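The values are calculated or read from the model by the stated rules, or taken from the named source; none is laboratory data. From a predicted model like this one, the values you see are computed outputs, not experimental measurements. Cβ placement follows ideal geometry from the backbone for every residue including glycine, while neighbour counts extend to all protein chains displayed. Accessible surface areas use protein heavy atoms only, side chains included; no ligands, DNA or RNA. Shrake-Rupley method; radii C 1.70, N 1.55, O 1.52, S 1.80 Å.
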Amino acid sequence: MAKIDESTIAITKRFGEALDALIALGDIKNKLTFANKYDIDYSNLNATLKDPEKAPVRMTWLAILVRDY
(Lines give C-alpha, C1' and ligand atoms only; values in the text may rest on other atoms or scores of the structure.)
Protein backbone atom coordinates (compact mmCIF):
# COMPACT_ATOMS: atom_id res chain seq x y z
CA MET A 1 0.00 0.00 0.00
CA ALA A 2 1.32 3.43 -0.94
CA LYS A 3 2.19 5.94 1.76
CA ILE A 4 -0.34 8.74 2.08
CA ASP A 5 1.06 12.22 1.57
CA GLU A 6 1.30 14.49 4.64
CA SER A 7 -0.87 17.15 3.01
CA THR A 8 -3.59 14.56 2.41
CA ILE A 9 -3.43 13.55 6.06
CA ALA A 10 -3.73 17.21 7.08
CA ILE A 11 -6.78 17.67 4.83
CA THR A 12 -8.38 14.56 6.30
CA LYS A 13 -7.81 15.86 9.84
CA ARG A 14 -9.25 19.24 8.88
CA PHE A 15 -12.32 17.51 7.46
CA GLY A 16 -12.86 15.89 10.87
CA GLU A 17 -12.45 19.26 12.56
CA ALA A 18 -15.00 20.78 10.20
CA LEU A 19 -17.51 18.03 11.02
CA ASP A 20 -16.93 18.61 14.73
CA ALA A 21 -17.50 22.35 14.23
CA LEU A 22 -20.76 21.72 12.35
CA ILE A 23 -21.92 19.52 15.22
CA ALA A 24 -20.97 22.17 17.79
CA LEU A 25 -22.85 24.82 15.79
CA GLY A 26 -25.90 22.59 15.57
CA ASP A 27 -25.83 22.43 11.77
CA ILE A 28 -25.73 18.63 11.97
CA LYS A 29 -26.74 16.44 14.90
CA ASN A 30 -23.82 14.02 14.77
CA LYS A 31 -21.56 12.12 12.39
CA LEU A 32 -24.09 9.33 11.91
CA THR A 33 -26.73 11.85 10.83
CA PHE A 34 -24.24 13.35 8.36
CA ALA A 35 -23.38 9.90 6.99
CA ASN A 36 -27.03 8.91 6.61
CA LYS A 37 -28.03 12.20 4.97
CA TYR A 38 -25.38 11.85 2.28
CA ASP A 39 -25.45 8.06 1.87
CA ILE A 40 -21.94 7.62 3.28
CA ASP A 41 -20.98 4.31 4.85
CA TYR A 42 -20.65 5.22 8.53
CA SER A 43 -17.93 2.64 9.19
CA ASN A 44 -15.83 4.11 6.35
CA LEU A 45 -16.35 7.63 7.71
CA ASN A 46 -15.32 6.50 11.20
CA ALA A 47 -12.26 4.67 9.90
CA THR A 48 -11.16 7.78 8.02
CA LEU A 49 -11.63 10.05 11.01
CA LYS A 50 -9.91 7.67 13.44
CA ASP A 51 -6.88 6.91 11.29
CA PRO A 52 -6.25 9.50 8.56
CA GLU A 53 -2.83 7.97 7.89
CA LYS A 54 -4.51 4.84 6.53
CA ALA A 55 -7.80 6.08 5.07
CA PRO A 56 -7.80 9.54 3.46
CA VAL A 57 -10.96 11.60 3.16
CA ARG A 58 -12.87 11.06 -0.06
CA MET A 59 -13.23 13.98 -2.43
CA THR A 60 -16.99 13.51 -2.57
CA TRP A 61 -17.16 14.10 1.19
CA LEU A 62 -15.17 17.31 0.85
CA ALA A 63 -17.48 18.42 -1.94
CA ILE A 64 -20.46 17.98 0.37
CA LEU A 65 -18.97 20.38 2.91
CA VAL A 66 -18.12 22.91 0.24
CA ARG A 67 -21.52 22.67 -1.43
CA ASP A 68 -23.83 22.46 1.57
CA TYR A 69 -22.02 24.17 4.45
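In the chain, helical runs assigned H by DSSP with n ≥ 4 each contribute -39500 (n - 2.57); averaged across all residues and rounded to the nearest 500, the mean residue ellipticity at 222 nm is -20500 deg cm²/dmol. To the nearest 10, the accessible area of L49 is 40 Å² with a 1.4 Å probe. Rounded to the nearest Hz, the phi-derived 3J(HN,Hα) couplings of segment 63-69 under the Karplus curve 6.51 cos²θ - 1.76 cosθ + 1.60 (θ = phi - 60°) are 4, 4, 4, 5, 6, 9, 10, where x marks glycine and proline.
The local environment of A2, defined by Cβ-Cβ distances under 15 Å, has a net charge of -1 under the rule Lys, Arg +1 and Asp, Glu -1.
Under a model in which nothing but the beta-carbon of Lys, Arg (+1) and Asp, Glu (-1) is charged, the chain shows a dipole of about 80 debye around its Cα centre.
Solvent-free Debye calculation, one equal scatterer per alpha-carbon of the chain: log10 I(q)/I(0) at 0.16 Å⁻¹ equals -0.51.
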